[in-house]
Amino acid sequence: MPHQTIGKRGAAAVPYRLTVLGTGYLGATHAACMAELGFDVLALDVDERKIERLRRGDLPIHEPGLEELLKRNLAAGRLRFTTSYEEVARFGDVHFICVGTPQRSDGYAADTSYLDAVVDSLAPLLDRECLVVGKSTVPVGTAERIAEKLVRLAPAGVQVELAWNPEFLREGHAVQDTLRPDRIVLGVASERAEKILREVYAPLGDVPIVVTDYATAELVKSAANAFLATKISFINAMAEVCEAAGADVTQLARALSYDERIGGRYLNPGVGFGGGCLPKDIRAFMARATELGADRAVAFLQEVDAINQRRRTRVVELARELAGGTFEGRRAAVLGAAFKPHSDDIRDSPALDVAVRIARLGGTVTVYDPVALDNARAAYPDLEYAESALEAARGADVVLLLTEWPEFAALDPDELSTVVRERNIVDGRLVLDAEAWRSAGWTYRALGRP
């Protein structure tokens, strides 16, 4: 593999040219951040319109800090975009595969067809020594299969090696998580692959690196997401118990958080998790474990998933109670469309799921979100949309706070009172001061709180 000095960041020479295949959330972030570290990066996507936008510095997604990196590295000449696999094969020493693995339409399993399509297109063009690095979240066993396919299809044969390097990005914090990761996992089959990736990530400084085999590297991401989902669903299960007992889940969570064995991160009760990772990843994990004969080991994840879905149902029930027992002839304001704040990602959004359910029950629903409105309008054109929280709440019989954007947590109950028809609010993320809202004349309801 050539070790030519391609670019510099400070005094450190950068020895490899990198490519990134797939420019979605993961790929766009990885490409821009690697360029920021000083590498020459060429990113590929088959979507010509997306590539044209990226070439102009127009980021198709909302991710804090990412558009600034994109524009800076385009201007510096370290970052380019293409639709040509031939160009990628000629350019790259290390090829990062960053395509999606969505849930299959016929079951829980992950759809790896995008990954296979990339390998089928790239491998026949690889006629020299290089390293292909998978970053996508995949069922355990996928890397071994892809490694064999690369050797079989590539003209360079065994000189084309595979590594698996799972990502651990949080939407809304992706730039920070890439440039200041808490750990790097390298699934490799040789010292050569390990050496290359250590050199690639050397500009990040002193980061814990776990070097392991393919299967373990694949399982790290699945296990991490399963644990996070379990922790979130655990506190939401406690919210169900608190409702039955008349207890307060926010105080329960606070007390638990002081236990260093438990900690407070991801111990936030509410309407539950969504997005393009946790829901589909735990289902894919269950599906693959079943294929391996280890289904009993992850059977608890079925209840984790069920608890998460029940929270959405319960929010609808609370809103219907506040609306007088029916949504017919009632208006509901839904504050939030993205599945989490600081993102425009609406995949499996609890907020939009609740909005659609209320609309199906006869309610008129108006949605507001600071950045995700365009995506929501495109996906759910039958809902109504507003350009501010006040506009969304105008004439509402019930207001639902379902994405914890800071501007929603800071809402003034007196100001909101001037536009609604009835002062009823469901705090689906438990971010409001219940006493302040009740003192302002609102009927306040939240999951797991009296």
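The values are calculated or read from the model by the stated rules, or taken from the named source; none is laboratory data. From a predicted model like this one, the values you see are computed outputs, not experimental measurements. All Cβ positions, glycine included, derive from the backbone under ideal geometry; neighbour counts span all protein chains shown. Areas reflect the complete protein model, heavy atoms only, side chains present, ligands, DNA and RNA absent. Shrake-Rupley method; radii C 1.70, N 1.55, O 1.52, S 1.80 Å.
Can you tell me the mean projection area, over all orientations, of the convex hull of segment 52-200's alpha carbons? Units nm², please.
Value for segment 52-200: 9.9 nm².
Report, in whole Å, the centroid distance computed from the Cα atoms of segment 382-435 and segment 235-307.
Measuring centre to centre over Cα atoms gives 27 Å.
Mean Kyte-Doolittle hydropathy of 0.5 or higher plus an axial Cα length of 30 Å or more: which whole DSSP H helices in the chain meet both? Please report the intermediate quantities before stating the final value.
On the way: long enough: 214-245 (47 Å, 0.73); 300-322 (33 Å, -0.56).
Both cut-offs are met by 214-245.
Using the Cα centre as the reference, give the magnitude of the dipole from point charges on the C-beta atoms of the chain (Lys, Arg: +1; Asp, Glu: -1; all else neutral), rounded to the nearest 20 debye.
Working: 53 positive and 65 negative charges, 48 e Å.
Rounded to the nearest 20 debye, it is 240 debye.
Report for the chain the percent antiparallel among DSSP-assigned beta bridges with both residues inside it, nearest 5. Let's see the in-between values first.
Working: 5 of 49 bridges.
Restricted to the chain, the bridges split so that about 10 percent are antiparallel.
Hey, of (1) 43, 24, 20; (2) 39, 26, 18; (3) 51, 32, 21, which did the structure itself give for semi-axes √(5λ) of the Cα gyration tensor in Å when calculated?
Looking at semi-axes √(5λ) of the Cα gyration tensor in Å for this model, the match is (1).
Relative contact order, percent, of segment 68-146 when contacts are C-alpha pairs under 8 Å separated by at least 6 residues? Walk me through the numbers before you get to the answer.
Values: 70 pairs, mean separation 26.5, N = 79.
Relative contact order here is 34 percent.
To the nearest 0.05, what FRET efficiency results for Glu148 and Arg296 with a Förster distance of 35 Å applied to their C-beta separation? Write out the running numbers ahead of the final one.
Numbers: r = 30 Å, r/R0 = 0.85.
For R0 = 35 Å, the calculated efficiency reads 0.70.
Accessible area, 1.4 Å probe, largest first: how do Asp374, Asp206, Asp40 sort?
Numbers: Asp374 115, Asp206 155, Asp40 40 Å².
Final ranking, largest accessible area leading: Asp206, Asp374, Asp40.
Given the rule -39500 (n - 2.57) for each run of at least 4 DSSP H residues, summed and divided by the residues of the chain, what is its mean residue ellipticity at 222 nm, to the nearest 500 deg cm²/dmol? Each step should come with its number before you reach the end.
Details: 18 runs with 193 residues, N = 450.
Calculated at 222 nm, the ellipticity per residue is -13000 deg cm²/dmol.
Note down the accessible area of Cys277, probe 1.4 Å, to the nearest 10 Å².
50
Among Leu352, Tyr201, Leu400, whose Cα lies farthest out toward the positive end of the dipole of the chain, if unit charges sit on the beta carbon of Lys, Arg (+1) and Asp, Glu (-1)?
Tyr201
What's the extension gain from Arg55 to Ala224 if we count 0.36 nm per residue and subtract their Cα-Cα distance?
Numbers: separation 169, 0.36 × 169 = 60.84 nm, distance 3.42 nm.
Value of the extension gain: 57.4 nm.
Within segment 246-343, list the chymotrypsin sites (Phe, Trp or Tyr not before Pro) lying in a DSSP loop whose Cβ has at most 13 other Cβ atoms in a 10 Å radius.
Numbers: sites: Tyr258, Tyr266, Phe273, Phe285, Phe300, Phe327, Phe339; in loops: Tyr258, Tyr266, Phe273, Phe327, Phe339.
Sparse-neighbourhood loop chymotrypsin sites (Phe, Trp or Tyr not before Pro): Tyr258.
So if we plug the beta-carbon distance of Asp106 and Asp47 into 1/(1 + (r/R0)^6) with R0 = 22 Å, what FRET efficiency do we get, rounded to 0.05?
0.35
Anything over 24 Å Cα to Cα? Flag those among Lys221/Lys280; Lys195/Lys221; Lys50/Lys135; Lys71/Lys221; Lys280/Lys340; Lys231/Lys280, in the order listed. Each step should come with its number before you reach the end.
On the way: Lys221/Lys280 13 Å; Lys195/Lys221 22 Å; Lys50/Lys135 21 Å; Lys71/Lys221 30 Å; Lys280/Lys340 16 Å; Lys231/Lys280 16 Å.
Correct reply: Lys71/Lys221.
Can you compute the modelled spin-label distance between Asp374 and Ala410, with each label point 7 Å from Cα toward Cβ, in nm?
2.4
With a cut-off of at most 13 other beta carbons within 10 Å, and DSSP calling the residue loop, which trypsin sites (Lys or Arg not before Pro) in segment 155-225 qualify? Please list them. Before the final figure, lay out each step's value.
Values: sites: Arg170, Arg183, Arg192, Lys195, Arg198, Lys221; in loops: Arg170, Arg183.
Passing both the DSSP loop test and the Cβ count: Arg183.
Given contacts defined as C-alpha pairs under 8 Å and at least six residues apart, what's the relative contact order of the chain, whole-number percent? Don't jump to the answer; show the numbers that get you there.
On the way: 918 pairs, mean separation 52.3, N = 450.
Rounded, it is 12 percent for the chain.
Near the amide H of Thr212, under 5 Å away, which other amide H atoms are found, from residues 5 or more places off or on another chain, if H is placed in the peptide plane?
When sequence neighbours closer than 5 places are left aside, the close amide H contacts are Leu186, Gly187, Val188.
Could you sort Ser121, Ser105 by accessible area so the largest value comes first, with the probe set to 1.4 Å? Walk me through the intermediate numbers first.
Values: Ser121 50, Ser105 130 Å².
Final ranking, largest accessible area leading: Ser105, Ser121.
Which whole-number percent gives the relative contact order of segment 334-413, counting Cα pairs below 8 Å spaced six or more residues apart?
On the way: 131 pairs, mean separation 30.5, N = 80.
Relative contact order here is 38 percent.
Heavy-atom accessible area per residue, the chain, 1.4 Å probe: how many Å²? Write down the numbers at each step before the final one.
Values: 19020 Å² over 450 residues.
Per-residue accessible area for the chain comes out at 42 Å².
From largest accessible area down, sort Glu52, Glu199; use a 1.4 Å probe on the protein chains. Mind showing how you got there, number by number?
Working: Glu52 85, Glu199 55 Å².
Most to least solvent-accessible, the answer reads Glu52, Glu199.
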